[in-house]
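These notes concern the structure reproduced below.
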Amino acid sequence: MPRTPVYEAVTERLDILAVDGSVDQTLMPDLADEQIVELYRDMVKMRAYDDKALKLQRQGRMGTWPPIKGQEAIQAGVGRAMTKEDWLIPAFREHGLMLLKGIPGHMIYAYWAGDERGSCFPEDVRCFPVAVPVGSQWQHGTGVGLSLKLSGEKAAAVVFGGDGSTSEGDFHEALNCAGVYNVPTVFVIQNNQWAISVPLHRQTAAATLAQKAHAYGIPGVQVDGNDIFAVWSAAVEALDRARRGDGPTLIEAVTYRLGDHTTADDASRYRDDEEVEAWRARDPISRLRLYLDGAGLWNDELESQLAAEVHAWVDEQVQALEAMPPHSPEDLFKYMYAEIPPHLSEQMASLIEEVER
Amino acid sequence: MTTEAVGTDGPGENRLRAVPDSTTEKLTIAQAVRDAMRDEMERNDRVLVLGEDVGVDGGVFRATDGLVERFGHDRVIDTPLAESAIIGMSVGLAATGFRPVAEIQFMGFVYPAINQLFAHAARLRNRTRGRLHVPMVVRMPYGGGIHPPEHHSESYESLFLNTPGIKVVVPSNPYDAKGLLTSAIRDDDPVLFMEPKRIYRAFREPVPSEAYTVPLGQADVARVGADVTLVSWGAMVRVCLDAAEVLGHEGISAEVVDLRTLNPLDRDTLLESVVKTGRAVVVHEAPRTNGFGAEVSAQITEGATLQLMAPVQRVTGFDVIFPLAHNEKLYLPSRERIISAAREALDF
């Protein structure tokens, strides 16, 4: 009996914008200068928003916060490629994407400060609340994709997760089902190299995460996640595929978490400064700034204008956060079911009585 | 002991309930379940059915028989063999406008889906302050008595009853099966619908051909009595009715309360019965310790303290792994154990 190869696959990696700000012109996406400047502004805004949350946390005005520093290119690139009709299903390190989706900044702050009202998004914003359990949200990405497909909508579901979440069974079930049903879902892995203290090579023996797509019969691609043009291109390609009805895509965006896992973590316990510094040199924002400088699209004056603008906007978010009215004891009970059942009414009444006593 | 009211023994209110002017068909529970899905799918094109073997095969218990022929593969969706995906996808579908009716083939296989049920389905409304919700039904055959392989006999309702956000419904007869499932599908929150597989096809009863609802959260007095209340749900209701019949021959008038919905619990009907009889026996297949019988007992103790003439008795499964076929009968609450417990309450 012969041995014949029955399946062979190649996984591609996409790099367009180099660390020195130069670009591969053959791969450069069709972006107008204004769009590129907008992406830059988005990333600067995201970083300031993130920095502020860390400061608030240290001052006791914020709960545990998972920083996004270093991962802004993925969030701006995918976020700007999405339309209002697309659904975003975040994990918990997608604040930048959620801002671009139209969620007011003070609401995301509110959630992490301990207020469920932060996840009551505006009616017209197609976004799931953050998913903390790790990996379970991948399945919702497939489900929402199936929903869009069955409804005949020309829209995509875009679901995010980290490298650690690819070890969860739900990741594999979700990709498998997405392949079977050929749903318009884009799966984006923010591979920031570390799942709290566990490095990628302890999550998988595979050379890439993108190659896992092959096992489920769907396209997969790896991109430099700190390269805004590579992220943008991969996102546009995947979203176009989804909207055309040609099915799901897995995007592995290779990046690095420059900060701690959350404000409750101390990354210096498990990783070297050298490694962090090496990635700092690959920062997505300074890289795009070099490109903009070279193209004559930016200068220090614009930078300081932007800084002032962003600073004011962030302050507004903090003010809005801190101006939120207090909760009532009823809030604990009234959103459990469409109607409050008798046993909950009773529990609610007893709490109110206790609080008012 | 019994002093009066033997003469009041008789069928409970549910048996008298019917849809006026509707023709009826004699159906099994499995057929009634299928009809509820069929009628709701006709009525609302956002209702979908998904699960393992629910399509061409019509479900391993034939509870989805004929649906794929009628509604096609976009609405009757055979899934890969992945329970977490069935529920996880249903969360995505439900939160964006569909009403998925998901089937878990056996309750013993629900574990992989529990993260999706507990961490997402049960919480989405609350954690988004009502912005998103999950109108989803999860059907699953539960319980023992059919001599199956391992993991096919479990009753895990207690797991779900300590998880706020999920309604739990258990029909005991074809009429309720159709009416309760119809209500569950129309409900805007996740409903766990436990189907007593032991009696899926054990008997037929007249079921209205038209769609109708049996409201969630309302217990049924399946038999009226005066001396002792037998409280149960699902397949055990039949065993309680049998026990009540035998007790009746001995001059003991037993009332049978079929809870039908375990969350939210109809405390009023339960307490009304126990206040009247002064004695209660709770019967369930699940293990005894921390079984829902403990909660029912606590509710009775809190709500009918002064009327209780004996401690609430529990007739349950044992705190052991559900046995394989040989010892199934030893495990399951029997008519005789229920009769003994009722006598114990009366002799206290």
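We did not get these values from a lab; they are worked out from the coordinates using the rules stated. Since this is a predicted model, take the numbers as computed values, not measurements. Neighbour counts are summed over all protein chains in view; Cβ atoms, including those assigned to glycine, are modelled from backbone coordinates with ideal geometry.
Applying the criteria of a DSSP loop state and at most 15 other Cβ atoms within 10 Å to the trypsin sites (Lys or Arg not before Pro) of region A:1-74 yields A:R3, A:R61. Rounded to the nearest whole angstrom, the semi-axes of the ellipsoid equivalent to region A:239-357, taken from the Cα gyration tensor as √(5λ), stand at 45, 24, 21, largest first.
For chain B, the relative contact order works out to 19 percent when only alpha carbon pairs closer than 8 Å and six or more residues apart are counted. Counting Cβ atoms of other protein chains within 10 Å of each Cβ in A:173-181 and taking the mean gives 5. Just to confirm the number: angle between the C-alpha axis of helix B:174-186 and the first principal axis of chain B, 0 to 90 degrees, nearest 10? Helix B:174-186 and the main axis of chain B meet at about 50 degrees. What shape does chain A take by its C-alpha gyration tensor, where a ≥ b ≥ c are the square roots of the eigenvalues and a/c under 1.5 counts as rounded, a/b above b/c as prolate, and the rest as oblate? Oblate, because a/c is 1.5 or more while a/b does not exceed b/c. Take each residue of peptide A:144-154, count the partner chain Cβ atoms within 10 Å of its Cβ, and average: the result is 5.
The modelled label-to-label distance for the pair A:E38/B:D57, using points 7 Å beyond Cα in the direction of Cβ, is 5.0 nm.
Dividing the radius of gyration of the alpha carbons in region B:166-227 by their Kirkwood radius gives 0.99 for Rg/Rh. Taking every alpha-carbon pair under 8 Å whose residues sit at least 6 apart, chain A reaches a relative contact order of 22 percent. Between the Cα long axis of helix B:335-347 and the first principal axis of chain B there is an angle of about 40°, rounded to the nearest 10. Count Lys and Arg as plus one, Asp and Glu as minus one, and take only other residues whose Cβ is under 15 Å from that of B:R131; the net charge is then +1. Report the calculated FRET efficiency for A:L297 and B:N44 (r = Cβ-Cβ distance, R0 = 45 Å), to the nearest 0.05. My answer for the efficiency is 0.25.
Each of A:A253, B:M236, B:V138 was placed along the dipole of the protein assembly as shown (beta-carbon charges, centred on the mean Cα), and the one lying farthest toward the positive end is B:M236.
Against the main long axis of the alpha-carbon atoms of chain B, helix B:267-277 sits at an angle near 20°. Return the subset of A:K52/A:K101; A:K45/A:K101; A:K101/A:K334; A:K84/A:K149 for which the Cα-Cα distance in this structure is over 18 Å, preserving the input order. Violating the 18 Å limit, Cα to Cα: A:K52/A:K101; A:K101/A:K334.
The three principal axes of the C-alpha atoms in chain B carry coordinate ranges of 61, 46, 44 Å, sorted with the longest axis first.
Which of the helices in chain A meet the span-like rule: DSSP H, Cα axial reach of 20 Å or more, Kyte-Doolittle mean at least 1.0? Once both thresholds are applied, nothing remains.
The shape of region A:160-294 comes out oblate: with a ≥ b ≥ c from the C-alpha gyration tensor, a/c is at least 1.5 while a/b does not beat b/c. In terms of its alpha-carbon gyration tensor, region A:291-338 comes out oblate; a/c meets the 1.5 threshold, while b/c is at least as large as a/b. Amide H contacts under 5 Å for B:V207: B:E25, B:K26, B:L27, restricted to partners 5 or more places along the chain or on a different chain, H placed in the peptide plane at 1.01 Å from N. Between B:Q218 and B:A325, what's the calculated FRET efficiency when r is the beta-carbon distance and R0 is 35 Å? Round to 0.05. Once the sixth-power term is evaluated, E becomes 0.45. Enclosing the Cα atoms of the protein assembly as shown in their convex hull gives a volume equal to 193 cubic angstrom per residue.
Here each label is just a point 7 Å from Cα along the line to Cβ, and for A:S286 and A:A312 those points are 2.9 nm apart. A simple spin-label model places pseudo-atoms 7 Å from Cα toward Cβ; at B:I146 and B:F318 they are separated by 2.5 nm.
Relative to the Cα centre, the charge distribution of the protein assembly as shown, modelled as +1 at Lys and Arg Cβ and -1 at Asp and Glu Cβ, gives a dipole magnitude of about 1060 debye. In region B:24-208, the DSSP beta bridges split such that about 15 percent are antiparallel, to the nearest 5.
Take each peptide in B:212-222, B:295-305, count the other Cβ atoms within 10 Å of every residue, and average; sorted highest first, the result is B:212-222, B:295-305.
Ranked by the mean number of other Cβ atoms within 10 Å of their residues, highest first, the peptides A:289-295, B:189-195 come out as B:189-195, A:289-295. Residue by residue along B:121-128, Cβ atoms of other protein chains within 10 Å of the local Cβ number 5 on average. Principal axis analysis of the Cα atoms in region B:24-208 yields extents of 44, 36, 28 Å, listed in decreasing size.
Placing a label point 7 Å from the Cα of B:E336 along the Cα-to-Cβ direction, the residues of region B:199-243 whose backbone N falls under 18 Å of that point are B:239-243.
Going from the residue with the fewest nearby Cβ atoms within 10 Å to the one with the most, B:D78, A:D246, A:D300 rank A:D300, A:D246, B:D78.
Other residues whose C-beta falls under 13 angstrom from the C-beta of A:V355 contribute a net charge of -4, scoring Lys and Arg +1 and Asp and Glu -1.
Exposure proxy for B:C240, A:C127: other Cβ atoms within 10 Å of each Cβ, ordered fewest to most, give A:C127, B:C240.
The peptide list A:303-314, A:142-153, put in order of mean Cβ contacts within 10 Å with the highest first, becomes A:142-153, A:303-314.
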